[in-house]
Amino acid sequence: MDKTINITLKVWRQAGPKAKGHFETYKLNNISTDSSFLEMLDVLNEQLISEKKEPVVFDHDCREGICGMCSLYINGHPHGPDSAVTTCQLHMRRFHDGETITVEPWRSNAFPVIKDLMVDRRAYDKIMQAGGFVSVNTGGVPDANAIPISKKNADEAMDNASCIGCGACAAACKNGSAMLFVAAKVSQLALLPQGKVEAASRVKAMLGKMDELGFGNCTNTGACAAECPKCVPLSAIARLNREFICAKFKD
Amino acid sequence: MWLFNSSVGRKFVMSITGACLALFLLFHATMNLVAIISEDGYNMICEFLGANWYALVGTLGLAFLAVVHILYAFVLSIINYRARGKERYAVSSRANNVEWSSMNMLVLGFIILAGIVLHLCNFWAKMQLVEILGQEPANGVELIKYTFAQWYFFVPYLLWFVALWYHLTHGIWSAMQTLGWSNNIWLPRIKCISNIIATIIVLMFLVVLVYYFVAGNCCAATCAAI
């Protein structure tokens with residue numbers, strides 16, 4: 001049961017946003033295949049600290065795949081070679097003994113590196129602030145079943161709402177586009193009656209903010225949906241396009 | 001103007017111009033097929049189009065579509081390249097379900113553009129252009145027979161069609177997706193439709209090319225032998 005592997009890590013080290021980065025190579029022995037990728041990085045940092053070296057900076061929080069904090073571009077894939085998982089859910093059993101694993105930060109103009117593997121993803125927060133919400137006058141609580149919603153729409157809205165805003169879509173996109181993220185956020189609200197009221201102004205505001213922040217244009221390559229840890233479908237982008245084009249023609 | 005300022009607007013222009021150009025290709029390919037069925041029929045079509053006002057309006061419209069499509073392609077590529085950031089990934093691998101063509105549309109576009117230049121020199125300059133200049137245009141079928149029988153024209157045309165096929169297989173469904181005509185059920189369907197239309201267009205062009213290459217070379221050799 002207790003299988004261990006020896007690995008070589010090539011990790012991107014960068015002292016600060018303006019500093020020039022480079023790859024540093026580390027050897028790690030006896031890593032349990034049952035450990036998660038982030039636990040392996042913890043072991044690396046323990047090792048670095050004991051050697052009186054600067055530990056590697058990386059984002060993480062809940063470590064159960066729901067917060068969207070962990071990132072990392074591992075061996076050419078956002079969140080690693082496994083599908084439908086975040087980095088914190090990736091396990092070392094996915095790697096072989098003696099393998100060299102390359103770990104890089106998200107690379108996108110709108111996600112500048114803060115330090116090492118940590119990038120600034122506030123661009124997504126700014127897009128959400130631009131319109132990713134429903135305006136509600138808080139008053140008496142309405143009855144739960146007062147507004148009927150079809151099962152199909154409820155399910156699809158839920159699929160889109162599963163987006164955790166980790167940034168893997170923009171990291172995977174060869175155009176550095178955040179379309180899948182914006183599409184998921186626009187879709188989850190546009191599909192429900194409560195969100196429909198502000199759908200047109202929301203899509204214009206969120207897409208406008210996305211363009212302003214320096215994300216690229218979607219070319220329907222589909223890498224975003226293929227790498228999304230929450231499997232947000234590519235069809236969400238079609239809905240975003242539809243909502244936006246219709247909103248513009250109504251103007 | 002949202003057609004230039006917003007990312008979806010730019011892609012909207014790309015889709016509309018691309019879809020119109022694909023429709024033109026469908027028409028052009030159908031017209032070419034006539035050259036195999038009836039040589040006289042083909043020459044009649046050439047005469048019918050010629051330098052008549054509606055053909056000229058059509059040509060101008062096409063030129064406009066092509067120029068807009070190409071200019072937008074450059075603008076989009078530059079913006080997208082910048083959006084990727086200064087540092088590039090040291091290791092990158094293509095995810096499943098990602099078409100090769102979708103990542104190389106600009107390169108394919110360059111090959112297609114080179115093919116268009118060759119094609120305009122081969123045919124358009126000798127047919128419509130000379131007619132606009134008030135001279136007698138070349139005989140359509142004879143020009144085809146001569147051009148496609150030469151291997152140094154045959155090979156570039158072949159490469160051109162292959163690039164066109166790849167460009168269209170991604171372009172057609174991508175245009176529909178950009179226009180919003182897609183959902184979970186229709187996404188695989190529009191990809192299939194895209195492959196079918198691309199194959200039909202390229203196959204129609206290819207049949208005429210191969211037919212006249214074979215007819216021009218093998219038959220000439222056989223005739224000489226007899």
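The values are calculated or read from the model by the stated rules, or taken from the named source; none is laboratory data. Because the structure is predicted, anything quoted here is derived from the model rather than measured. Cβ sites come from the backbone with ideal geometry, for glycine too, and all protein chains shown count toward neighbours. Side chains are part of the model used for accessible areas, which takes the heavy atoms of the whole protein and leaves out ligands, DNA and RNA. Shrake-Rupley method; radii C 1.70, N 1.55, O 1.52, S 1.80 Å.
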Mean projection area, nm², convex hull over Cα of chain A: 16.6
C-alpha center-to-center spacing [the stretch A:26-60, the stretch A:77-136] in angstrom: 18
Equivalent-ellipsoid semi-axes of chain B, from the Cα gyration tensor, Å, largest first: 36, 22, 17
Two-decimal ratio, the protein assembly as shown, of alpha-carbon radius of gyration to 2.2 N^0.38 Å: 1.20
Expected 222 nm ellipticity per residue - DSSP helices of 4 or more, -39500 (n - 2.57), all of the protein assembly as shown, to 500: -18000 deg cm²/dmol
Probe 1.4 Å - accessible area at A:Glu39, Å² to nearest ten: 90
Area accessible to solvent at A:Cys166, 1.4 Å probe radius, in Å²: 10
Amide H contacts of A:Ser71 (H built 1.01 Å from N, under 5 Å, at least 5 apart or other chain): A:Asp59
Chain A - share of DSSP beta bridges that are antiparallel (%, nearest 5): 80
B:Phe161, B:Phe213, ranked by accessible area, largest first (probe 1.4 Å): B:Phe213, B:Phe161
Partner lysines for A:Lys230 [C-alpha distance under 17 Å; skip if fewer than 8 residues away on the same chain]: A:Lys185
For the stretch A:98-112, 3J(HN,Hα) per residue [Karplus equation, 6.51 cos²θ - 1.76 cosθ + 1.60, θ = phi - 60°, Hz, x = Gly/Pro]: x, 6, 9, 10, 9, 10, 10, x, 4, 10, 7, 4, 7, 10, x
Accessible surface of chain A [probe 1.4 Å, protein heavy atoms]: carbon and sulfur percent: 53
Size of the A/B contact, given as accessible area buried on both chains, probe 1.4 Å, in Å²: 3500
Residue-count net charge about B:Arg88 - beta-carbon cut-off 13 Å; Lys, Arg +1, Asp, Glu -1: +3
Cα-based reach from A:Lys20 at 12 Å (exclusive), listing aspartates and glutamates while leaving out same-chain residues under 8 positions away: A:Asp116, B:Glu87
Whichever lysines have a C-alpha closer than 17 Å to that of A:Lys53, once near sequence neighbours (fewer than 8 apart) are set aside: A:Lys10, A:Lys27, A:Lys115
Percentage of interatomic Cα-Cα distances in the stretch B:5-45 larger than 12 Å: 65
Mean-position separation - Cα centroids, the stretch B:72-149 and the stretch A:166-242, in angstrom: 30
GNM flexibility winner over chain A from A:Leu189, A:Leu48, A:Leu240 (Cα, springs under 10 Å): A:Leu48
Relative contact order [Cα under 8 Å, 6+ residues apart], chain B, whole percent: 31
Where A:Ser150, A:Ser35 fall by accessible area, highest first, once all protein chains stay in place (1.4 Å): A:Ser150, A:Ser35
Residue with peak Gaussian network fluctuation, chain A [Cα springs, cutoff 10 Å], from A:Ile114, A:Ile49, A:Ile164: A:Ile49
Volume of the Cα convex hull of the stretch A:4-104, divided per residue and given in Å³: 101
Accessible surface, chain B, averaged per residue in Å² (probe 1.4 Å): 55
